[in-house]
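The values are calculated or read from the model by the stated rules, or taken from the named source; none is laboratory data. All values derive from a computational prediction rather than experimental measurement. Heads up, the Cβs are rebuilt from the backbone with ideal geometry, glycines too, and the neighbour counts pull from every protein chain shown. Surface areas here come from the heavy atoms of the whole protein model, side chains and all, with no ligands, DNA or RNA. Shrake-Rupley method; radii C 1.70, N 1.55, O 1.52, S 1.80 Å.
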Amino acid sequence: MTASHFSIAHWCILVAAVLPLLCAYIAKSGQMGKPADQGGYDNADPRGWLARQGDWRARANAAQANSFEGLPFFIGAVLAAQQLGALQARVDLLAMLYIVMRLGYIITYVGGLPGLRSAAWALGFAVNVAILFQGWR
């Protein structure tokens, strides 16, 4: 029996899973301790509160949703590539690049830069496809 280890790509899965939480934090930042009746974050109705937000808070919330939406493909691509015996160093590198693209996506989304946001999303998707095909022989 061979010993298994947690690869860099596995750590990137964890980071990718935390990114939506980062977006949620950004959307709610500065409003957590403020009373709901004064416009502060309402933990009794979190989705309703977020739906009433505008500008960068609304974009951070949308980035959160998109980060959750993209997560299954990333996890699947990494695990499929590993299962099919892809070169781990290449999967690790691509997984790190995916994380960088997702961070760029979040920054440009919250910052209101739609053209750059779309480019970061497209590049992240392309990297994800590249991860998936690392195991193809």
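Mind checking which residues of region 111-124 are open to solvent by 70 Å² or more (accessible area, probe 1.4 Å) and touching a residue at least 24 places away in the same chain (Cβ under 8 Å)?
Passing the criteria: only Trp121.
In region 46-56, which residues are surrounded by 10 or more Cβ atoms within 10 Å (Cβ to Cβ) and either assigned to a loop (DSSP other than H, G, I, E, B) or without any contact (Cβ under 8 Å) to a residue 12 or more places away in the chain (or both)?
Of everything in region 46-56, those that are surrounded by 10 or more Cβ atoms within 10 Å (Cβ to Cβ) and either assigned to a loop (DSSP other than H, G, I, E, B) or without any contact (Cβ under 8 Å) to a residue 12 or more places away in the chain (or both) turn out to be Pro46, Ala51, Arg52, Gln53.
Report, by residue number, each residue of region 96-110 that is more than 9 Å from the chain's Cα centre (by Cα) and open to solvent by 50 Å² or more (accessible area, probe 1.4 Å).
Those that are more than 9 Å from the chain's Cα centre (by Cα) and open to solvent by 50 Å² or more (accessible area, probe 1.4 Å): Met96, Leu97, Val100, Ile107.
Within region 110-129, is even one residue under 21 Å from Ile8 (Cα atoms) and not hydrophobic (A, V, I, L, M, F, W, C)? Give the derivation first.
In the first step, residues of region 110-129 are kept if they are under 21 Å from Ile8 (Cα atoms); the result is 123-129.
Filter once more, so that each one left must be not hydrophobic (A, V, I, L, M, F, W, C): 124, 128.
Within region 110-129 (the criterion being under 21 Å from Ile8 (Cα atoms) and not hydrophobic (A, V, I, L, M, F, W, C)), the answer is yes, since at least one residue qualifies.
For every residue, the table says whether it meets (1) part of a loop (DSSP other than H, G, I, E, B); (2) open to solvent by less than 40 Å² (accessible area, probe 1.4 Å).
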{"position": "Phe6", "(1), (2)": "yes, no"}
{"position": "Trp11", "(1), (2)": "no, no"}
{"position": "Val15", "(1), (2)": "no, no"}
{"position": "Leu19", "(1), (2)": "no, yes"}
{"position": "Tyr25", "(1), (2)": "no, no"}
{"position": "Gly33", "(1), (2)": "yes, no"}
{"position": "Gly40", "(1), (2)": "yes, yes"}
{"position": "Ala44", "(1), (2)": "yes, no"}
{"position": "Gly70", "(1), (2)": "no, yes"}
